[in-house]
Amino acid sequence: MRRSDQRRDAVFACYQRDVTGRPLGELLGDVKPFTRELAEGVEANREELDELIGRHAHGWETDRIAPLDRNIMRVALYEIRCRDDVPTEVAIDEAVELAKAYCGADAPGFVNGILGAAIKEKV
């Protein structure tokens, strides 16, 4: 399974956690280690990731952002901030591609804009 598929699975697990409130471990089941690490990393760093998104989502409360958009950004930001083996550009490109595939027409630009602004805080 490609890493992009594992990212998608992590996003969907985090999304389901947000929407249903079910425990993440129950939603993950038998997944690849990379998927599990991303989803559990997002869960463990949720507040910090949401604060970072909120600082750059001008005019939007984080909880008002569509849950799928929010979780795409959470996974990308987790990778950017916590994984040295994933280039920033790859994390952003993957997030934009997920937004193109699964979200509304405005989501890819929204996701790209927030991630682009947020990476300036990486250092």
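The values are calculated or read from the model by the stated rules, or taken from the named source; none is laboratory data. Worth saying up front: this structure is predicted, and the values here are computed from it rather than measured. All Cβ positions, glycine included, derive from the backbone under ideal geometry; neighbour counts span all protein chains shown. To get the accessible areas, we keep the full protein, side chains included, count just its heavy atoms, and leave off ligands, DNA and RNA. Shrake-Rupley method; radii C 1.70, N 1.55, O 1.52, S 1.80 Å.
Using a 1.4 Å probe over the heavy atoms of the protein chains, calculate the carbon and sulfur portion of the accessible area of the chain as a whole percent.
48 percent
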Q | Assigned charges on the beta-carbon of Lys, Arg, Asp, Glu; the range 1-95 dipole about Cα centre (debye) | A | 180 debye
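Give the accessible surface of the chain per residue, rounded to a whole number of Å², with probe radius 1.4 Å and ligands, DNA and RNA excluded.
53 Å²
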**Q.** the chain: equivalent-ellipsoid semi-axes (sqrt of 5 x gyration tensor eigenvalues, Cα, Å)
**A.** 20, 16, 14
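Taking 8 Å as the Cα distance limit and 6 or more residues as the minimum spacing, I'd like the relative contact order of the chain as a percentage. Intermediate values should be presented prior to the final figure.
On the way: 121 pairs, mean separation 29.8, N = 123.
Relative contact order comes out at 24 percent.
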Q.
What would the Debye equation give as log₁₀ I(q)/I(0) for the range 1-42 at q = 0.21, 0.25, 0.27, 0.28 Å⁻¹, counting only Cα atoms as equal point scatterers?
A. -0.54, -0.76, -0.87, -0.93
Q) To the nearest 10 square angstrom, how much accessible area does Y102 have with a 1.4 angstrom probe? A) 110 Å²
**Q.** CD proxy at 222 nm, helix term only [per DSSP H run n ≥ 4: -39500 (n - 2.57); per residue of the chain; nearest 500]
**A.** -23000 deg cm²/dmol
Q | Net charge over other residues, Cβ less than 15 angstrom from the Cβ of A105 (K, R count +1; D, E count -1) | A | -2
Q) Can you name the helices of the chain, as whole DSSP H runs, whose Cα span along the helix axis is 18 Å or more and whose Kyte-Doolittle mean is not below -1.0? A) 67-82, 88-102
